[in-house]
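The values are calculated or read from the model by the stated rules, or taken from the named source; none is laboratory data. Because the structure is predicted, anything quoted here is derived from the model rather than measured. Please note: Cβ atoms are built from the backbone with ideal geometry, for glycine as well, and neighbour counts cover all protein chains shown. When the accessible area is computed, the model is the full protein with side chains, heavy atoms only, and any ligands, DNA or RNA have been set aside. Shrake-Rupley method; radii C 1.70, N 1.55, O 1.52, S 1.80 Å.
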Amino acid sequence: MKLSSLAKVLKDGWYLIVVTALVAACAGLALSLMSTPLYSASARLFVSTSSNEGSTTDLYQGNLYSQQRVASYTQILTGEALASRTVRRLGINVDADELRSNVSATASPGTVLIRVSVRDDDPSEAARLANAVSDEFVDFVSELDGKQNASSGRVVVEQYATASATPVSPRTGRNALLALIFGALVGLAIVIVRDRLNLALKSESDIADAADSKVLGRVPFDPALRATQHVGANSFDHTTLEAFRSLRTNLQYVRVDRPPRVVSVTSSVPEEGKSTVSIGLASVLAEGGSSVCLVDADMRLPSVAEYLGVSRDIGLSTVLAGQLSWEDAIQDSQVHGIRVLASGPPPPDPSELLGSGRAVELFRSLSEAFDYVVVDSPPLLAVTDPCLVSLLSDGALMVARFGRVTEAQLKRSAGELESVRASLLGVVVTMVPRNSSEYGVYYSYSSADASHETSKLTAQ
């Protein structure tokens, strides 16, 4: 994974990492608090030669001899034999193996000192056991040396153990910190795996490559649109309006000699924002003084009429069925300069109507009567209707939802349009995160500026 990709993954999933780390830290803290505290008491043994007399060489050899014996003594201190002797010495009802598991012995490098430590849930008992083990070890070593007729070395208790008021286990702070780090690593792993398993495209370049087309516009995520029943120019904030204005400008330069005037708007799958793009594009086209007709060609799941507050009892289906002329079926919208041809009552077979000669005549008439015709089409991978609509228009705009549409879906959608020789004008990326660099400049605008701009598009 590239460093830039990892940074984006961390940026998108930081909250999961934080939550996982906090949960793990709380679990580690709770386990530590529920654990029985253990106390450690330590005694210190001194190993030396039996005589301090002699030359410097003799003293050095005696000291070296003592250091060599220290390594063996640490093994004996943690052995089963000494544990059994200590239990018998104290006359306590403790299993020797249990005592042995709580005894540890360490030697300081380069010295003849041995530290004997014993753990217990009672600090006083830990000190008593550590002193008993030390005393028993001194006797045990004396017996061993006597059996071997060796008198060159001796062991003494240099420092007896005392009870400690501070437990050595559990280390609550350390455990919570380690659990926090472990949780963060687990969260990071989850975020990376989730990103690898998510096939949705998360960059404009990947979307453009998958559709084999250029990106003509990018529409930021606008949470306000989810909270309203009606979508119109007065529903868009200034940033979103600027995004649609940029789309309008780019669309005019797709074909400099013959700019598209009848534009169908489609997507790969539902809920990618094609209807919002259709309304937004129609709004900014009308903003410049052009006459615009917005046609809802999604006769299976229409939404334009509901968003713009017009009736869908009459519309495209009634006109194509020959029940009404388009002049009588078209309705005024709440946006100045936009007239709406709603979907009409749902027909049994929309594809048959869209592929009829009446559809060709209708769109020819609309292109003559209006400066621009924007057609909201169904998703390409759901039905064949959008392919038929694209043949009635000068070209199609493909709406691709950021972080949702996949490469396979976009490639298949572009292939559907190519199979009927329809023109793909470009891609409009929707739901782009607001923290993207493309939109940062717009946040310097004041709310008063935004209100002034949007008021231009409100119905008089």
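The set of residues from the stretch 186-214 being of a type in the set (Gly, Ala, Ser), touching a Gly at 6+ places or on another chain (Cβ under 9 Å) and buried (at least 17 other Cβ atoms within 10 Å of the Cβ) comprises 187, 208, 211, 213. Restricting attention to the stretch 76-119, which residues are over 20 Å from residue 169 (Cβ atoms) and free of Cβ contacts under 8 Å to residues at least 12 places away in the same chain? Result: 88, 91, 92, 93, 95, 108, 109. Of everything in the stretch 152-185 that is assigned to a helix (DSSP H, G or I) and open to solvent by less than 50 Å² (accessible area, probe 1.4 Å), the residue that is modelled with the lowest pLDDT is 172. The residues on offer are 360, 277, and the sole one that is in a helix (DSSP H, G or I), in contact (Cβ under 8 Å) with a residue 12 or more places away in the chain and open to solvent by 50 Å² or more (accessible area, probe 1.4 Å) is 360. Looking across the stretch 32-44, the residues that are surrounded by 14 or more Cβ atoms within 10 Å (Cβ to Cβ) and touching a helix residue (DSSP H, G or I) at 6+ places or on another chain (Cβ under 7 Å) come down to 32, 39, 40, 41, 42, 43. Residues of the stretch 240-272 that are open to solvent by 10 Å² or more (accessible area, probe 1.4 Å) and charged (D, E, K, R): 242, 245, 248, 255, 257, 258, 261, 271.
The test for being farther than 21 Å from residue 38 by Cβ, modelled with pLDDT of 80 or more and open to solvent by 40 Å² or more (accessible area, probe 1.4 Å) does not hold for residue 54.
Total residues in the stretch 416-433 satisfying the condition of being of a type outside the set (A, V, I, L, M, F, W, C), more than 36 Å from the chain's Cα centre (by Cα) and open to solvent by less than 50 Å² (accessible area, probe 1.4 Å): the figure is 1. Could you please find all residues in the stretch 69-89 being among the small types (Gly, Ala, Ser), in contact with a Leu (Cβ under 8 Å, 6 or more places away or on another chain) and under 15 Å from residue 47 (Cβ atoms)? Within the stretch 69-89, no residue meets the criteria. Residues in the stretch 376-384 include at least one that is of a type in the set (S, T, N, Q) and part of a loop (DSSP other than H, G, I, E, B).
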